[in-house]
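These notes are about the structure you will find just below.
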Amino acid sequence: AQSVTQPDIHITVSEGASLELRCNYSYGATPYLFWYVQSPGQGLQLLLKYFSGDTLVQGIKGFEAEFKRSQSSFNLRKPSVHWSDAAEYFCAVGPRTGNQFYFGTGTSLTVIP
Amino acid sequence: DAGITQSPRHKVTETGTPVTLRCHQTENHRYMYWYRQDPGHGLRLIHYSYGVKDTDKGEVSDGYSVSRSKTEDFLLTLESATSSQTSVYFCAIRQGTGLAGGPEDEQFFGPGTRLTVL
């Protein structure tokens, strides 16, 4: 069965510290992977995606993620967190053809001054 | 925001009543989706559409129906609302030229509808 696991429900980091949000997936085929960010009361915004090619992908707002097939992971990283990064982050997986996308349960990020 | 609006933005209704949520887009995208977001579950796909009158079920379609009579509108109907359908509902469109994974292939989400069923 297809699924996405985000093991950390909530993470707190200090402003300026580095960040890594974990994402593991279970998918029967080669996946199409995404990270989204959601600010309170808002819809989701795409941070980055992986489809093929370089396994280290760069996104908006200084985020990057690395696809590791052997570990079925797609972890999100940022070298220096800003207070405005406080939000909820969702990892998602989808088919290369088709429309059934699966989302993780989200990781809530708090940034302390 | 890819020109996506949802209406209503908030609704409180009673168990057993019918409810219809509307998603409207202005950019003529082929693919549209309805998701629900619940704590501890993330987003789950309810139904999606790949063209006028072309729809298919998602992961959690029981209790929901959809219709798409025009490209710009995708309606989600709860025929008889239940308390378990209290949730935040998001509509999304998929932008792209049909080439999956291309630089334009991206889902854009609407602002959401908060539905409470008492």
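The values are calculated or read from the model by the stated rules, or taken from the named source; none is laboratory data. If you're wondering where the values come from, they're calculated on a predicted model, not measured in any experiment. Here Cβ is always computed from backbone atoms with ideal geometry, including for glycine, and neighbour counts include all displayed protein chains. Each accessible area value is taken on the protein alone, full model and side chains, heavy atoms only, with ligands, DNA and RNA left out. Shrake-Rupley method; radii C 1.70, N 1.55, O 1.52, S 1.80 Å.
Relative contact order, whole percent, for the stretch A:1-48 stands at 33, derived from Cα pairs under 8 Å and 6 or more residues apart.
Can you pull the mean other chain C-beta count within 10 Å for peptide A:87-97?
Working: counts 0, 2, 0, 3, 1, 3, 0, 6, 1, 2, 3.
Per residue, the average neighbour count from other chains is 2.
The value of relative contact order for chain B, using C-alpha pairs under 8 Å at least six residues apart, is 34 percent.
Counting only residues at least eight positions apart within a chain, or on another chain, the aspartates and glutamates with an alpha carbon under 13 Å from that of residue A:78 are A:15, A:20, A:64, A:66.
What is the stretch A:3-112 by shape, rounded, prolate or oblate, if you read a ≥ b ≥ c off the alpha carbon gyration tensor as root eigenvalues and call it rounded for a/c under 1.5, prolate for a/b larger than b/c, and oblate otherwise? List each step's numbers first, then the result.
Numbers: a/c = 1.85, a/b = 1.58, b/c = 1.17.
Taking the square roots of the gyration eigenvalues as a ≥ b ≥ c, the stretch A:3-112 is prolate.
Computed on the stretch A:3-112, with alpha-carbon pairs under 8 angstrom and 6+ residues apart, the relative contact order is 39 percent. Close amide H pairs (under 5 Å, H built 1.01 Å from N) link residue B:58 with B:47, B:48, residues at least 5 positions away or on another chain.
Label positions at residue B:69 and residue B:104, each projected 7 Å from the Cα along the C-beta direction, are separated by 3.0 nm.
Separation of the alpha carbons by more than 32 angstrom is noted, of B:11/B:53; A:68/B:11; A:61/B:70; B:11/B:57; A:49/B:53; A:61/B:57, for A:68/B:11; A:61/B:70; A:61/B:57.
Within 10 Å of the Cβ of each residue in B:62-70, the mean number of Cβ atoms contributed by other protein chains is 0. Ranking of B:50, A:102 by solvent-accessible surface, largest first: B:50, A:102 (1.4 Å probe, protein heavy atoms only, all chains present).
The mean number of partner chain beta-carbon atoms within 10 angstrom of a residue's beta-carbon across peptide B:44-53 is 2.
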